[in-house]
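Undergrad: My structure is below; once you've seen it, I'll send some questions.
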Protein chains: 2
Amino acid sequence: MSDFRFELLATDGAARRGRLHTAHGPVDTPAFMPVGTAATVKAMSADMLRAAGAQIVLANAYHLMLRPGAERVERLGGLHRFMAWPGPILIDSGGFQVMSLAARRQIDEDGVVFSSHLDGSRHALTPERCMEIQHQLDATVTMVLDECPAWPIGRDEAAASMRRSMRWAARCRSAWRERPGYGLFGIVQGSVDPELRRESAGRLVEIGFDGYAIGGLAVGETKPMMFETVEVTCDALPVERPRYLMGVGKPADLVGAIARGVDMFDCVLPTRSGRTGQAWTRSGPLNLRNARHADDPAPLDRGCACPACRDHSRAYLRHLVRCNEILGAMLLTWHNLHFYQHLMAGMRAAIEHGTFQAWRTAFAAGLTSPED
Amino acid sequence: MSDFRFELLATDGAARRGRLHTAHGPVDTPAFMPVGTAATVKAMSADMLRAAGAQIVLANAYHLMLRPGAERVERLGGLHRFMAWPGPILIDSGGFQVMSLAARRQIDEDGVVFSSHLDGSRHALTPERCMEIQHQLDATVTMVLDECPAWPIGRDEAAASMRRSMRWAARCRSAWRERPGYGLFGIVQGSVDPELRRESAGRLVEIGFDGYAIGGLAVGETKPMMFETVEVTCDALPVERPRYLMGVGKPADLVGAIARGVDMFDCVLPTRSGRTGQAWTRSGPLNLRNARHADDPAPLDRGCACPACRDHSRAYLRHLVRCNEILGAMLLTWHNLHFYQHLMAGMRAAIEHGTFQAWRTAFAAGLTSPED
């Protein structure tokens, strides 16, 4: 089994082209990870995911510990086998979901106790239990448990929360069971405060992780705040480790973050918007509920090779969306993921060839529909 | 373009092995047609349908005339192109849907006026308009407009309704625009009365159709009544034309009807039950919501080559169903259609080899779960 390591293949300004080697295969970076919350990327089979170009998927410890249960997944041979995805899986620790989904949360130094959003049952999540769950699930990349404070937050509160997350990160590092080809990522916190971000990054690097995530962004702060924080954080992280911006984002966000040195991303946007009739294209998002598509024989995106664009008209896709047909969710999710993966491949090639700035300019010029 | 014709390849008792030649390719019979109500077989792409073994799909004129509209589908190049299904499409006339879905129906000799179940808008359907709609949709097989009376029904009412349907059938025959490789099917009515069925079949044969459907069954009558009516009707139909039993059914119903000389079927059962967590297997139906599957690493059906059985455990499928994941509907629909197509292929081979009775006995012996 290969070691877990990050190979930096090329840089172009701050943008990086790399490859993450794992026990379950390589991941070319910059990489976008489709979100497979409950052991399935919604409306996609594993075959469809591979065809769309995905090399790694994300799953959620919070959802899986509640349903079907981490012990059960372990008994069934681990998450790769359970969801028929032999490639790498990064598992989110559950810190964010506990804050955004669970009810009656009590957080203290030991960890968090919460009620399931499904049936109200009480559960405890400590850094040690979190590592155990991800081990049971067989995460290729395990994420530390962190506290995800709500936005906006005062500086003192942000500092206290970040420091607790750093103590939890150290406990995670101790509890995590190392295996060849498997990795553990720390998560930088500290809201949008550059000093807190630098402190957090420094503490994590001191503990030592296989990769570093940037958490606590895309929670309501402005875009300039987000990008500034990404820049400050990337500058404080070691060159030889992958950097993962959690929960981001729109195509332009990915481009902006890659320009600042980020290597990995996850976001529900392409999958969720695929289920609500929104398609992503080089010129911006397209709402297929719009009546102007009703008679349009053109494909969604002329340059796209996905099955939705290859086989169907906008008129057909609109019809499916309007009728709430499952095939509409399937085709638009496939297209959106294909578009995201194609976008990443384009940026990887541009960084390799030293033409990322030109690529970025062309991308911005091509956006004819505003993204927001 | 080839002529529309039915080739009878072999018989075994009353069971028939045939091939329907159409402008859009051949259909091996006995054939099961997946139901693609609104220009999509729910939760299946055209590629998935082909992989599951389907050669022909059914669509509904009623649904398509309301949404997206037959004129629109025609402008977009017809239904085959619209739904990316180049193979044969049989289009149900809408008679059954008008009775089962539409509100404020008024039926007279001319046709039916009804309110859409979607938005209450008023629509008229005459035999002539029905032929026009199916022409616009580009139906490979067009079905005549018939009146589908509710069950139970008195003999006089059944006779009057059947005779009106026969007058409509004659008007459909006159209005239908013949094209090479395209066919028009009449529909035998007459409830469960053998004399009325024989009268109906005789009138249709006199008019002359490319195939004959048996309508008005599977509406509440008992199984013995249904099979007796199928037998009486098949006996009254010409050997050289295909026979299509509409809206049937469960695997054992297909077997019983094929034994009595039926060639074609459609039913929402495999697709609808795939969306509610029910899987069909040789030993009977399986409810994946049942907790006994929660830890079961075995595939749904050991002998099955579909992706759900090839890649996944019952435990995973149950998890998807329990979480209402779209992938659950996709995989179970795929499995159910694959199972139905595999069942038909098995019967076709048995009829060819003159071993249909042995096949039927083995099928009945294999049913360990009751189907009802």
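The values are calculated or read from the model by the stated rules, or taken from the named source; none is laboratory data. Model, not experiment: these values are computed from the prediction. When we count neighbours, we look across all protein chains shown, and the Cβ atoms used for this are built from the backbone with ideal geometry, even at glycine. When the accessible area is computed, the model is the full protein with side chains, heavy atoms only, and any ligands, DNA or RNA have been set aside. Shrake-Rupley method; radii C 1.70, N 1.55, O 1.52, S 1.80 Å.
Undergrad: Can you spot a residue in the stretch B:41-63 that is of a type outside the set (Val, Ile, Thr) and either more than 20 Å from B:GLY274 (Cβ to Cβ) or at pLDDT below 95 (or both)?
TA: yes
Undergrad: Check A:ALA358, A:ALA345 and return the single one that is among the small types (Gly, Ala, Ser), assigned to a helix (DSSP H, G or I), free of Cβ contacts under 8 Å to residues at least 40 places away in the same chain and away from chain B (no Cβ under 11 Å).
TA: Details: A:ALA345 fails: free of Cβ contacts under 8 Å to residues at least 40 places away in the same chain.
Only one candidate qualifies: A:ALA358.
Undergrad: Another one. Could you check the stretch A:316-328 and list, in sequence order, the residues that are touching a Leu at 6+ places or on another chain (Cβ under 8 Å) and more than 9 Å from chain B (Cβ to nearest Cβ)?
TA: If the condition is that a residue be touching a Leu at 6+ places or on another chain (Cβ under 8 Å) and more than 9 Å from chain B (Cβ to nearest Cβ), then A:LEU317, A:VAL321 are the ones that fit.
Undergrad: Spot the failing condition for A:PRO152; the list is (1) within 14 Å of chain B (Cβ to nearest Cβ); (2) part of a loop (DSSP other than H, G, I, E, B), and only one is missed.
TA: Going through (1) within 14 Å of chain B (Cβ to nearest Cβ); (2) part of a loop (DSSP other than H, G, I, E, B) one by one, A:PRO152 breaks only (1).
Undergrad: Out of (1) closer than 27 Å to B:ASP92 by Cβ; (2) more than 14 Å from chain A (Cβ to nearest Cβ); (3) modelled with pLDDT of 95 or more, what's the single condition that is false for B:THR271?
TA: Unmet for B:THR271, out of (1) closer than 27 Å to B:ASP92 by Cβ; (2) more than 14 Å from chain A (Cβ to nearest Cβ); (3) modelled with pLDDT of 95 or more: (2).
Undergrad: Got a number for residues in the stretch A:110-126 being open to solvent by 70 Å² or more (accessible area, probe 1.4 Å) and either more than 28 Å from B:LEU317 (Cβ to Cβ) or in contact with a His (Cβ under 6 Å, 6 or more places away or on another chain) (or both)? Show your work before the answer.
TA: Filtering the stretch A:110-126 down to residues open to solvent by 70 Å² or more (accessible area, probe 1.4 Å) leaves A:110, A:117-119, A:122.
Pick out the ones that are also either more than 28 Å from B:LEU317 (Cβ to Cβ) or in contact with a His (Cβ under 6 Å, 6 or more places away or on another chain) (or both) and you get A:110, A:122.
The number of residues fulfilling the criteria is 2.
Undergrad: On to the next question. Residues to consider are A:THR368, A:THR333; find the one that is of a type in the set (Ser, Thr, Tyr) and open to solvent by 10 Å² or more (accessible area, probe 1.4 Å). Give the derivation first.
TA: Details: A:THR333 fails: open to solvent by 10 Å² or more (accessible area, probe 1.4 Å).
Just one listed residue meets the conditions, A:THR368.
Undergrad: Condition check: under 26 Å from the mean Cα position of the chain (by Cα), within 13 Å of chain B (Cβ to nearest Cβ), of a type in the set (A, V, I, L, M, F, W, C) and not in a loop (DSSP other than H, G, I, E, B). Does A:LEU331 satisfy that? Before you say what the answer is, go through the steps one by one.
TA: Working: under 26 Å from the mean Cα position of the chain (by Cα): yes; within 13 Å of chain B (Cβ to nearest Cβ): yes; of a type in the set (A, V, I, L, M, F, W, C): yes; not in a loop (DSSP other than H, G, I, E, B): yes.
Yes: the conditions hold for A:LEU331.
Undergrad: Related question: Looking for whichever is without any contact (Cβ under 8 Å) to a residue 12 or more places away in the chain and either among the charged types (D, E, K, R) or under 23 Å from B:TRP176 (Cα atoms) (or both) here; the options are B:ASP92, B:ASP47, B:ASP110. Which one fits?
TA: On the way: B:ASP92 fails: without any contact (Cβ under 8 Å) to a residue 12 or more places away in the chain; B:ASP110 fails: without any contact (Cβ under 8 Å) to a residue 12 or more places away in the chain.
From the options B:ASP92, B:ASP47, B:ASP110, the qualifying one is B:ASP47.
Undergrad: Which one is surrounded by the most Cβ atoms within 10 Å (Cβ to Cβ), of the residues in the stretch A:336-365 that are aliphatic (A, V, I, L, M) and within 22 Å of A:ALA54 (Cα to Cα)? Talk me through it step by step, then tell me what you get.
TA: Kept after step one, since they are aliphatic (A, V, I, L, M), are these residues of the stretch A:336-365: A:337, A:343-345, A:347, A:349-351, A:358, A:362, A:364-365.
From the residues that got through so far, the ones that are within 22 Å of A:ALA54 (Cα to Cα) too are A:337, A:343-345, A:347, A:349-351.
Numbers: A:LEU337: 26, A:LEU343: 20, A:MET344: 23, A:ALA345: 14, A:MET347: 24, A:ALA349: 13, A:ALA350: 21, A:ILE351: 24.
The extreme case among them is A:LEU337.
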